[in-house]
Amino acid sequence: MYIALLAYTAPRNEVDYALAEHAEWLRTHFSRGLFLVSGKGDTEHDQVILTRPCVRGKLDAVLATDPLVVQHLAHYTVIEFSATRTAHEFHAINEALAS
C-alpha cells in the first residue's frame, strides 16, 4: 500500500485554477479502485491519498497524470508500507492483502 503526499509548488491562486481538474482526476481513480481515501493534509497546501496495494510503477504513472503535476503546480512524495492490520471496515483491503 502507499500513502501519496501532494505538496503544492506554486502559489495557491494558481493551484486553485486546476483544482476542478484535479478533483475529476481523483474521482476517476476512486472509481477505478486504486484510491481508497483522500483528503487535506496537516497544512493548507498538502493533500494525502491512501491507495490499494499495487505495483509502484503503476502508481507513479497514475500520479504523473494528476493535472496539478502535469501543470507543474505540485509534486508527490510516496511512502510505501505493508499493512499488517486493518479495521473491520476495511474488509476489501484485508482481502487484497491476503491474496
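The values are calculated or read from the model by the stated rules, or taken from the named source; none is laboratory data. This one's a predicted model, so the numbers in the text were calculated from it and none came from an experiment. Here the Cβ is made from the backbone with ideal geometry for all residues, glycine too, and neighbour counts use every protein chain on show.
The criterion of being surrounded by fewer than 15 Cβ atoms within 10 Å (Cβ to Cβ), under 13 Å from the mean Cα position of the chain (by Cα), at pLDDT 95 or above and not in a loop (DSSP other than H, G, I, E, B) does not hold for residue 4. Only one of the numbered conditions (1) farther than 27 Å from residue 95 by Cα; (2) loosely packed, with under 14 Cβ neighbours inside 10 Å; (3) modelled with pLDDT under 95 is not met by residue 46, and that is (2).
Taking the criterion of being under 18 Å from residue 86 (Cβ atoms) and β-branched (Val, Ile, Thr), would at least one residue in segment 14-28 satisfy it? Steps first, answer last, please.
Of the residues in segment 14-28, the ones under 18 Å from residue 86 (Cβ atoms) are none.
No.
Picking from residues in segment 31-57 that are free of Cβ contacts under 8 Å to residues at least 24 places away in the same chain and out of contact with any strand residue (DSSP E or B) (no Cβ under 8 Å at 6 or more places or on another chain), the one that is nearest to residue 73 (Cα to Cα) is 43.
A Cβ distance below 9 Å, combined with a sequence gap of six or more or placement on separate chains, defines the contacts here; from segment 1-20, residues that are within 23 Å of residue 52 (Cα to Cα) and in contact (Cβ under 8 Å) with a residue 40 or more places away in the chain reach residues that are among the hydroxyl-bearing types (Ser, Thr, Tyr) and assigned to a loop (DSSP other than H, G, I, E, B) in the pairs 1/82; 7/43. Pairs meeting the criteria (first residue in segment 71-85 and surrounded by fewer than 14 Cβ atoms within 10 Å (Cβ to Cβ), second residue not hydrophobic (A, V, I, L, M, F, W, C), beta carbons under 6 Å, at least 6 apart or on different chains) are 80/2.
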